[in-house]
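The values are calculated or read from the model by the stated rules, or taken from the named source; none is laboratory data. Not measured: the values here are computed from a predicted model. For neighbour counting, all protein chains shown are included, and Cβ atoms are generated from backbone atoms with ideal geometry for every residue, glycine included. Heads up: the accessible areas ignore ligands, DNA and RNA and are worked out on the full protein's heavy atoms, side chains in. Shrake-Rupley method; radii C 1.70, N 1.55, O 1.52, S 1.80 Å.
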Amino acid sequence: MSGSDYNLFWTETVRQLMEEGNLSEQEHDMWFRNMEFIKGSSDSITLGVPSNFFRDQVKQRYLNLLESRLHDLTGSSLTIDFEIRKNNRQAQENSAKKQIQTVKNEKSDEQAQSTERKPHRQLRMDYDFDGFVIGNNNSFAASAAQAIGTNPGGAYNPFLIYGGVGLGKTHLMQSIGNSIHYSLVDKKVVYITAETFINEFIHSIKSETQSQFKNKYRKVDVLLIDDIHDLQNKKETQEELFHTFNALYDAKKQLVFTCDRPPSELRNFTDRLKSRFERGLNVDLQPPNFETRYAILRKKLETISTSIPDEVLELIARNVTTNIRDLESSLTKMVAYADLVGKKITVEVAQQQLKGTFTSTLTANITIDRVQRVVSEYFNVTPADLKGKKRTKQVTFPRQVAMFIIREVTDYSTTEIGLEFGGRDHTTVMHACQRIEDRMKGDPTLEPTVGELIRSVKDSG
Ligand code: ADP
Ligand code: MG
């Protein structure tokens, strides 16, 4: 059999399962539309899916069903393998559409414009799935967002994304909006920050235009409200949103919210609205790990013509661990600097230029406790040993290394450090740091070890 025969068997498998009602149209849209046949051989079929999350969900739900139907059709036992395709087809289609549209807009071809959608007025064009790097911190949230992008008002309603500042909540929310805006052209998408929602609501009361306000938000297909924690203490606006929520939810319209904390931790919030938020799918965004930070920097650089060496990107990714906004601003600073001096940035220059940024993000993140944990684990002693009175070689050396690292990567004074090591005097800390520096000169293996430990401390956040 040739590759295209396998493709036919695959298509037929899905078709039959749908026809028999084993696969509803909604399920098909959700899980199978974004899946593509890649290749087939006498023992397996390989399918492309947009993420690990997607793969696991499909496996769990349908693998047995699919494999046994394939067996019936082909007469041989084919296994199904998955390959992760980061740029799934939907995203590619969307971006292709946008490109076409830009060209058309340039030509100001009115007829063409009427069939293609213009950019959404409230959404940033660059906040789309193509520009959103999927990493350790967001893969679940991103997969769910993509599923909503293709099937709004389906299984994940309402959808609430929560997490700290600068972790990608707004970007992900607007990606859903953009995806629907461009691919489902009959859907009306509205994006608004909670703050603007409050202001508009208050204005509508003052100007006696409340019914217009109600109509505006109850006649949409997709409502995106950003930063709902701003509604805390705003009882009347909460009340209004509660009714808007119910009207849209009952009509199976998609609702998406972002929040800086899980809804259960909102204060001065009516319970009934809180429980509405919790009704659908709540996902969190975490700070990204090193690999993801690095991938994000590379992605951001794609849109910029200035070239920044990989070592510099790595330096930024290693040191800026707080959030993605800080990561971006360090990169912007480097790009601006490179443009200004008109040459490539070296690691030394980058280090010099970003010193302030690095220390502020370091002290924001690294605690004495964390260093003690990482160092004690490495030397196989306990944090209590480091803080304790013992003076055996097994604990004094790790203790000195820990003190040295804390001096290197945080702004704590020697007095503060001494206190965290069982109330030792600041001169003891100074002495310990000096000892390590001296030993590094004599022992060439020590510096790389300390360097490695510093990296694990930074990554352990
Ligand atoms: P939040 O709303 O959580 O405060 P934003 O969505 O405004 O965060 O994100 C801050 C910046 O980081 C934005 O410029 C956004 O494009 C970028 N960003 C966040 N997450 C990602 C990601 N996974 N891939 C690419 N860029 C990201
Ligand atoms: Mg935001």
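Some values worked out for this structure:
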| read-out | value |
| --- | --- |
| Residue match in segment 339-346 (condition: out of contact with any strand residue (DSSP E or B) (no Cβ under 7 Å at 6 or more places or on another chain), open to solvent by less than 20 Å² (accessible area, probe 1.4 Å) and under 28 Å from A432 (Cβ atoms)) | no |
| Residue selected from segment 206-241 under the condition open to solvent by 10 Å² or more (accessible area, probe 1.4 Å) and under 28 Å from the mean Cα position of the chain (by Cα), by the criterion farthest from ligand 1 (Cβ to nearest atom) | D221 |
| Sole exception among (1) more than 30 Å from D339 (Cα to Cα); (2) open to solvent by less than 40 Å² (accessible area, probe 1.4 Å); (3) aromatic (F, W, Y) for F358, by number | (1) |
| Pair list, Cβ under 6 Å, 6 or more apart: segment 214-238 residue in the same structural domain as R276 (by TED's automatic domain parsing), other residue within 16 Å of ligand 2 (Cβ to nearest atom) and part of a loop (DSSP other than H, G, I, E, B) | H229/D260 |
| Whichever residue in segment 165-182 is within 21 Å of R33 (Cα to Cα), touching a helix residue (DSSP H, G or I) at 6+ places or on another chain (Cβ under 6 Å) and of a type outside the set (A, V, I, L, M) and, among such residues, is nearest to ligand 1 (Cβ to nearest atom) | S175 |
| Selection within segment 1-37 - among the aliphatic types (A, V, I, L, M), open to solvent by 50 Å² or more (accessible area, probe 1.4 Å) and either touching a residue at least 12 places away in the same chain (Cβ under 8 Å) or under 12 Å from I80 (Cβ atoms) (or both) | M1 |
| Contacts under 8 angstrom Cβ, first residue in segment 264-290 being under 24 Å from I324 (Cβ atoms), partner of a type in the set (F, W, Y) and in a loop (DSSP other than H, G, I, E, B), 6 or more apart | L281/Y156 |
| Qualifying residues in segment 118-145 (those that are more than 14 Å from ligand 2 (Cβ to nearest atom) and touching a Phe, Trp or Tyr at 6+ places or on another chain (Cβ under 6 Å)) - the one most open to solvent (accessible area, probe 1.4 Å) | F140 |
